[in-house]
Amino acid sequence: MVANTQPWEMPETMPAALFHAPGDVRYSEVPVPRPGPGELVVQVKQALTCGTDLKCYRRGHPVLLAQLPSPFGHEFSGVVADVGVGVTRFSAGDRVVCANSAPCGDCFYCQAEQMNLCEQLQLLNGAYAGYILVPAPIVARNTYPLTENMPFEIAAFTEPLAVSLRGVDGIGVKAGEHIAIMGLGPIGLLMVKVAKLRGAHVTAFARNPMKLAMAQSFGGADAVVDMADGLDVAQVVARNTPQGRGFDGVIEAIGLPHTWEAAVGLVRRGGRVHWFAGCPGDSTVTLSTKRLHYDEITLYSLFHHTPVEVRAAFDLLCTGQLDPRPLISGSYGLVDLTTALGQMEAGLGFKYQIEP
Ligand SMILES: [Zn+2]
Ligand SMILES: [Zn+2]
């Protein structure tokens, strides 16, 4: 057998969306990447928009979009188009999904099994393009072949679902517990769904009626709290938790200091709070030390994902235990990427398919 057999001719150039500055994404013809040792080039079949993309588009991102102009987009699935020297698990023509990062396996944090904090963690961008170059660590640790009938758009949910699993399983959500999930973007909604799979009683919080409805129809939320007119913590606790003692666990997926603080008010004595969504820049929160100590509140703030969650997410999607497709609000071509991001920003949709 000849190595690196290609079932089709690779073009020289491809369309790509490139981030130039906040609010400035342009479409260019750029060279199709070639794989180095251990790398893959994947023809993107399905890319999905993500809240992080919207944040990057509006504000830029010091880590994700370090060098400008920067490739853009990180949730995707596709077909292996070219294989670097030394890759044995994949060959051209394989349908695959890749996470947007992978740990190195060697640094202090990887050895300490805190792989999401890996010192070498490189975040992959460039899914809004015809082809994407997948770095060797991701090929080795965070790339999976799709099962035979698995649609590309389902596979592309692997990364956001991995993040959502970390949100829920990271605080050990158990059957029968009362769990609050604040913020119902795609990740919040996936967390509602995962918490229900774990057997929890879920109360979902948001301001947008479309999101509250989705928490029930898609996520299976047992109750919803509309925060459009603010949040009366005491009243919510009294109405939505057994004996009004508070939630066993609260997951904050909004990313604002005042809702981080409110999350601490919603939890019962001995409960867990998960500050899951990052807050803007250098913001701070103020908490009652008495509340934290004498009510024995446990605070979590887990970041990103590890290969364990990526694998678990892929399995949930393969087996059909979780069908994420109701979260896809529409489909756009690459040149209409910013239209899709605008729809998200206006709260009109959850995620959009971007077809190169
Ligand atoms: Zn994402
Ligand atoms: Zn590492």
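The values are calculated or read from the model by the stated rules, or taken from the named source; none is laboratory data. Note that the structure is a prediction, hence the values are computed from the model and not measured. Methodologically, a virtual Cβ is constructed for each residue, glycine included, from the backbone with ideal geometry; neighbour enumeration extends over all protein chains shown. Quick note on the areas: whole protein, heavy atoms, side chains included, nothing else; ligands and nucleic acids left out. Shrake-Rupley method; radii C 1.70, N 1.55, O 1.52, S 1.80 Å.
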Hits in segment 25-43 (condition: open to solvent by 10 Å² or more (accessible area, probe 1.4 Å) and assigned to a strand (DSSP E or B)): 25, 26, 27, 28, 29, 30, 31, 43
What number goes with the only condition from (1) out of contact with any Cys (no Cβ under 9 Å at 6 or more places or on another chain); (2) closer than 26 Å to residue 348 by Cβ; (3) modelled with pLDDT of 95 or more that residue 76 does not pass? (1)
Yes or no: residue 16 under 30 Å from residue 342 (Cβ atoms), more than 16 Å from ligand 1 (Cβ to nearest atom) and crowded, with 22+ Cβ neighbours inside 10 Å? yes
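For segment 241-267, give me each residue that is over 30 Å from residue 52 (Cβ atoms) and open to solvent by 30 Å² or more (accessible area, probe 1.4 Å). Can you show your working first?
Step one: of segment 241-267, the residues over 30 Å from residue 52 (Cβ atoms) are 241-246.
Listed by number, the residues that qualify are 242, 243, 244, 245.
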Pairs, first of a type in the set (A, V, I, L, M, F, W, C) in segment 302-319, second at pLDDT below 95, C-beta under 6 Å, six or more apart: 303/116; 318/147
With respect to residue 135, is the statement that it is open to solvent by 20 Å² or more (accessible area, probe 1.4 Å), closer than 24 Å to residue 55 by Cβ and within 16 Å of ligand 2 (Cβ to nearest atom) true? yes
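The rows are residues; the columns are (1) more than 16 Å from ligand 1 (Cβ to nearest atom); (2) in a loop (DSSP other than H, G, I, E, B); (3) of a type in the set (Asp, Glu).
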site	(1), (2), (3)
54	no, no, no
96	yes, no, no
113	yes, yes, yes
120	yes, yes, no
123	no, yes, no
So in segment 79-124, with the set limited to residues that are over 13 Å from residue 40 (Cβ atoms) and among the polar types (S, T, N, Q), which one is surrounded by the most Cβ atoms within 10 Å (Cβ to Cβ)? 100
Mind telling me which of the residues 92, 140, 102, 66 ends up being within 16 Å of ligand 2 (Cβ to nearest atom), of a type in the set (A, V, I, L, M, F, W, C) and assigned to a loop (DSSP other than H, G, I, E, B)? 102
Can you tell me which of (1) charged (D, E, K, R); (2) away from ligand 1 (no atom under 15 Å from the Cβ); (3) touching a strand residue (DSSP E or B) at 6+ places or on another chain (Cβ under 6 Å) is the one residue 153 doesn't meet? (2)
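Mind checking which strands (runs of 3 or more DSSP E) fall wholly inside segment 292-356 and carry at least 1 residues that are open to solvent by 40 Å² or more (accessible area, probe 1.4 Å), touching a strand residue (DSSP E or B) at 6+ places or on another chain (Cβ under 9 Å) and modelled with pLDDT under 95?
Details: elements: 298-300, 328-333, 351-355.
By residue number, 351-355.
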Do we find a residue being modelled with pLDDT of 95 or more and surrounded by fewer than 19 Cβ atoms within 10 Å (Cβ to Cβ) anywhere in segment 188-195? no
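So for segment 140-149 (the condition being within 16 Å of ligand 1 (Cβ to nearest atom) and in contact with a His (Cβ under 6 Å, 6 or more places away or on another chain)), does at least one residue qualify?
No, segment 140-149 contains no residue that is within 16 Å of ligand 1 (Cβ to nearest atom) and in contact with a His (Cβ under 6 Å, 6 or more places away or on another chain).
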Out of all the residues in segment 155-175, is one or more at pLDDT below 95 and over 16 Å from the mean Cα position of the chain (by Cα)? no
Of 278, 270, which residue is open to solvent by 20 Å² or more (accessible area, probe 1.4 Å) and at pLDDT 95 or above? 270
Kindly provide the set of residues from segment 297-342 that are at positive phi and in contact with a Ser or Thr (Cβ under 9 Å, 6 or more places away or on another chain), ordered by number. 304
